[in-house]
1. For the range 103-153, which residues satisfy the criterion of being more than 36 Å from the chain's Cα centre (by Cα) and among the polar types (S, T, N, Q)?
2. Please verify whether Ile177 is under 35 Å from the mean Cα position of the chain (by Cα), assigned to a helix (DSSP H, G or I) and modelled with pLDDT under 85, treating the condition exactly as stated.
3. Kindly indicate the residue of the range 32-42 that is part of a loop (DSSP other than H, G, I, E, B) and in contact with a helix residue (DSSP H, G or I) (Cβ under 6 Å, 6 or more places away or on another chain) and also surrounded by the most Cβ atoms within 10 Å (Cβ to Cβ) among those meeting that condition.
4. Please specify each residue of the range 5-31 satisfying the condition of being in a loop (DSSP other than H, G, I, E, B) and in contact with a strand residue (DSSP E or B) (Cβ under 8 Å, 6 or more places away or on another chain).
5. Answer yes or no as to whether Ser74 is at pLDDT below 80 and more than 30 Å from Leu119 (Cβ to Cβ).
6. Restrict the check to the range 51-63 and report whether at least one residue is of a type outside the set (Asp, Glu), modelled with pLDDT of 70 or more, surrounded by 12 or more Cβ atoms within 10 Å (Cβ to Cβ) and in a helix (DSSP H, G or I).
7. Say whether the condition of being small (Gly, Ala, Ser), within 30 Å of Gln165 (Cβ to Cβ) and exposed (fewer than 10 other Cβ atoms within 10 Å of the Cβ) is met by at least one residue in the range 146-153.
Amino acid sequence: MKPAVAFASRKDAAHELGFSRQRLEKLIKQGRIPETERGVDMATARKVRQEMLAQRVELQPVPAPSKPSRKPYSVQRGAATTKDEETGELFSFADARARRENVNAELALLKLDSEKKRLISRDVVRDKEFAVARIIRDRILGFPARVANLIPSDAMQALTDECEQLIRELQDAASKIAEG
């Protein structure tokens, strides 16, 4: 059996303690493990490691969420978790990765539909709607002029007013549909 060393390099200390080098450096930066010119103080480092292991054993898992549609899971201290902004529910890194992959798959399907010309851009739809609305408007407003010879002048003014009112009502209805 090798005798315990009092001081070690960061690399050797991390290996002996079972930490990643980044984790050891973080503990040194936090001041939990001292480092001198001779190296990392191994006696203190071993105590800190034992304390960390003891804390881990004492932890109890968090109860699973009550939502039945999701798989039940428990969250342990130190696990990579985050909070859902909409529901406030905790979910793991694996859940976040699965959500991201689902979104990426949906985006890929939209791109495929677009490339296969199964989707129409918003600008094209807007231009076509405008063209249809313009044709309807011109036909309605042109109607009184076509029947002007058949109708007396006082009735003609009433017909023109009614056509203009109809156009305003259609524009208001279209605006409400577009907003909703």
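1. Selection gives Asn149, Ser153.
2. Here the answer is yes, as Ile177 does meet what is asked.
3. Taking the range 32-42 as the starting set, the residues that turn out to be part of a loop (DSSP other than H, G, I, E, B) are 32-34, 37-38.
After this cut, where a residue has to be in contact with a helix residue (DSSP H, G or I) (Cβ under 6 Å, 6 or more places away or on another chain) as well, the list is 32-34.
Numbers: Arg32: 14, Ile33: 24, Pro34: 12.
The selected residue is Ile33.
4. Within the range 5-31, Ala6, Ser9 meet the criteria.
5. Working: at pLDDT below 80: yes; more than 30 Å from Leu119 (Cβ to Cβ): yes.
Spelling it out, Ser74 is indeed at pLDDT below 80 and more than 30 Å from Leu119 (Cβ to Cβ).
6. There is at least one residue in the range 51-63 that is of a type outside the set (Asp, Glu), modelled with pLDDT of 70 or more, surrounded by 12 or more Cβ atoms within 10 Å (Cβ to Cβ) and in a helix (DSSP H, G or I).
7. Applying the first criterion (small (Gly, Ala, Ser)) to the range 146-153 yields 148, 153.
When the remaining residues are screened for being within 30 Å of Gln165 (Cβ to Cβ), the result is 148, 153.
Filter once more, keeping what is exposed (fewer than 10 other Cβ atoms within 10 Å of the Cβ): 153.
Yes, there is a match, as at least one residue in the range 146-153 is small (Gly, Ala, Ser), within 30 Å of Gln165 (Cβ to Cβ) and exposed (fewer than 10 other Cβ atoms within 10 Å of the Cβ).
Every residue, every condition in (1) modelled with pLDDT of 80 or more; (2) part of a helix (DSSP H, G or I); (3) of a type in the set (D, E, K, R); (4) open to solvent by less than 90 Å² (accessible area, probe 1.4 Å), yes or no:
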| residue | (1), (2), (3), (4) |
| --- | --- |
| Ala94 | no, yes, no, yes |
| Arg100 | yes, yes, yes, no |
| Asn104 | yes, yes, no, yes |
| Ala108 | yes, yes, no, yes |
| Lys111 | yes, yes, yes, no |
| Leu119 | no, no, no, yes |
| Arg126 | yes, yes, yes, no |
| Ala131 | yes, yes, no, yes |
| Ile136 | yes, yes, no, yes |
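The values are calculated or read from the model by the stated rules, or taken from the named source; none is laboratory data. All of these numbers come straight from a predicted model, not from anything done at the bench. Every residue, glycine among them, receives a Cβ derived from its backbone with ideal geometry; neighbour counts consider all protein chains shown. Calculation scope for accessible area: heavy atoms of the full protein, side chains included, ligands and nucleic acids excluded. Shrake-Rupley method; radii C 1.70, N 1.55, O 1.52, S 1.80 Å.
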